[in-house]
1. For residues in segment 235-246 being touching a helix residue (DSSP H, G or I) at 6+ places or on another chain (Cβ under 7 Å) and part of a helix (DSSP H, G or I), which is surrounded by the most Cβ atoms within 10 Å (Cβ to Cβ)?
2. Mind counting the residues in segment 252-309 that are among the hydrophobic types (A, V, I, L, M, F, W, C) and open to solvent by 30 Å² or more (accessible area, probe 1.4 Å)?
3. Any residue in segment 60-78 that is farther than 30 Å from I302 by Cα and hydrophobic (A, V, I, L, M, F, W, C)?
4. Might you check whether a residue that is in contact (Cβ under 8 Å) with a residue 24 or more places away in the chain, open to solvent by 10 Å² or more (accessible area, probe 1.4 Å), small (G, A, S) and not in a helix (DSSP H, G or I) occurs anywhere in segment 323-345?
5. Six or more apart or on different chains, Cβ atoms under 8 Å: show the pairs whose first residue is in segment 288-304 and of a type outside the set (S, T, N, Q) and whose second is modelled with pLDDT of 95 or more and exposed (fewer than 13 other Cβ atoms within 10 Å of the Cβ).
6. If the requirement is being outside any helix (DSSP H, G or I), within 24 Å of I149 (Cβ to Cβ) and under 21 Å from the mean Cα position of the chain (by Cα), which of these qualifies: V311, V320, V274, V307?
7. Would you confirm whether or not segment 174-186 contains a residue that is hydroxyl-bearing (S, T, Y) and touching a Phe, Trp or Tyr at 6+ places or on another chain (Cβ under 6 Å)?
8. Could you tell me whether V47 is open to solvent by less than 10 Å² (accessible area, probe 1.4 Å), of a type in the set (A, V, I, L, M) and not in a helix (DSSP H, G or I)?
Amino acid sequence: MTLRKFAGLGALLSIVMPSLAMAADEVAAPVLNSGDTAWMLTSTALVLFMTIPGLALFYGGMVRSKNILSVLMQCFAITGLISILWVIYGYSIAFDTTGMEQGVVNFNSFFGGMGKAFLAGVTPSSITGPAALFPEAVFITFQMTFAIITPALIVGAFAERMKFSAMLIFMGIWFTLVYAPIAHMVWSGNGGLMWDWGVLDFAGGTVVHINAGVAGLIACLVLGKRKGFPTTPMAPHNLGYTLMGAAMLWVGWFGFNAGSAAAANGTAGMAMLVTQIATAAAALGWMFAEWVTHGKPSALGIASGVVAGLVAITPAAGTVGPMGALVIGLAAGVVCFFCATTLKRKLGYDDSLDAFGVHGIGGILGAILTGVFAAPALGGFGTVTDIGAQVWIQIKGVGFTVIYTAIVTYVILKVLDAVMGLRVTEEEESVGLDLAQHNERGYNL
């Protein structure tokens, strides 16, 4: 009787155990989450919307009427160029982790491998994300939109005076040697230089805004001032376009920041909230600073304040609380206002559309204040327990990015200037880049 019981138990186990093993395998296998996938698809579209048409209109309205098409054309051409370079090798440079080891500094701490070149191994069933919950194809496209907008931001610094051909080659090389490596150092994971330092950059304060702002400053210095600057009036030709572009950037930025949670979760929700708070605070901060300083608030000022707030909250969006966002936004609005007006006039550089004054300064300010307000002691949701130590890490990340970007950008520009020339002729600049570079007019009256 006992033997019969054991025999029966053995038979039962022989049936149940394979089923349990199969169930365990099913639990262990990554399963796509449709909610996260839907949110990431939406975020990707929103971030692309930030460049075309958002940034294109924001910048296009600020230049003179003879140059509007050139700015729009540059944004569209950059979108096409970076999309292709991203799938050929950019994604691999930024996110291939071959050869990386936490705490070990080697070549792959700065520059990703080529294992993902031409998107090798990516299929419809490839899944990625913090918990492997959405298609890798979506992550690739989401990060592509970040890679697109970063060089497009630089356009604002040298608007109205750079040759279209030189611009295309510069952007391709800059993306390869500056953007993709910085993204790798900050976001690729264990073994990435700034990742191992502990630099907090939730959605691109360092990777996108400091990077683009510093590159823009170097570009405007290397190219020199526009003909007639600063004595000739160069007022924006259509502030309606600029306000519409700023509004599109504001809306699209929810994909930029909340999408960087890489999931439809509480972090995404808080990132959305703090983005709204900081942006509103910066818009008001710039507006009132201008009102007090110049006597009247301007449409261009509030639009610029909006972008300053969006920039400053970007590195902090996943770790700061609402009141931290309020402080960061107010600080960004006021500081960026004075840097884009008073500081620029005193130093005399011709940053046409204030790419450095808004993105460079706003990115630096936001990155440093992230180290303060990510602390739970100040209402943040990060893991910062020593504010001073984290602020030093943030400053170190900012300093490295500024120096690396400035040096490499300068070398690229000087080599291109020697080989093919960067700037249009004085006659072409007088006629306007729309006609001189594209044989078209933005307005045919």
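1. Filtering segment 235-246 for residues touching a helix residue (DSSP H, G or I) at 6+ places or on another chain (Cβ under 7 Å) gives 236-237, 239, 241-246.
Subset that is part of a helix (DSSP H, G or I): 239, 241-246.
On the way: L239: 16, Y241: 21, T242: 23, L243: 18, M244: 18, G245: 23, A246: 27.
Checking each candidate, the answer is A246.
2. Initial filter on segment 252-309 (among the hydrophobic types (A, V, I, L, M, F, W, C)): 253-254, 256, 258, 261-264, 268, 270-274, 277-278, 280-284, 286-289, 291-292, 299-300, 302-303, 306-308.
Those left that are additionally open to solvent by 30 Å² or more (accessible area, probe 1.4 Å): 254, 264, 270, 272-273, 277, 280, 284, 287-288, 291-292, 299-300, 302.
Qualifying residue count, segment 252-309: 15.
3. First pass over segment 60-78, keeping only residues farther than 30 Å from I302 by Cα: none.
For segment 60-78, residues farther than 30 Å from I302 by Cα and hydrophobic (A, V, I, L, M, F, W, C): absent.
4. no
5. Once the first residue is of a type outside the set (S, T, N, Q) and sits in segment 288-304, its partners that are modelled with pLDDT of 95 or more and exposed (fewer than 13 other Cβ atoms within 10 Å of the Cβ) give E290/K296.
6. Criteria check complete, one pass: V320.
7. No, segment 174-186 contains no residue that is hydroxyl-bearing (S, T, Y) and touching a Phe, Trp or Tyr at 6+ places or on another chain (Cβ under 6 Å).
8. No: the conditions fail for V47.
The values are calculated or read from the model by the stated rules, or taken from the named source; none is laboratory data. Worth saying up front: this structure is predicted, and the values here are computed from it rather than measured. Positions of Cβ are backbone-derived with ideal geometry, glycine not excepted, and every protein chain shown enters the neighbour counts. Note: accessible area is taken over every heavy atom of the protein model, side chains too, but ligands, DNA and RNA are not part of it. Shrake-Rupley method; radii C 1.70, N 1.55, O 1.52, S 1.80 Å.
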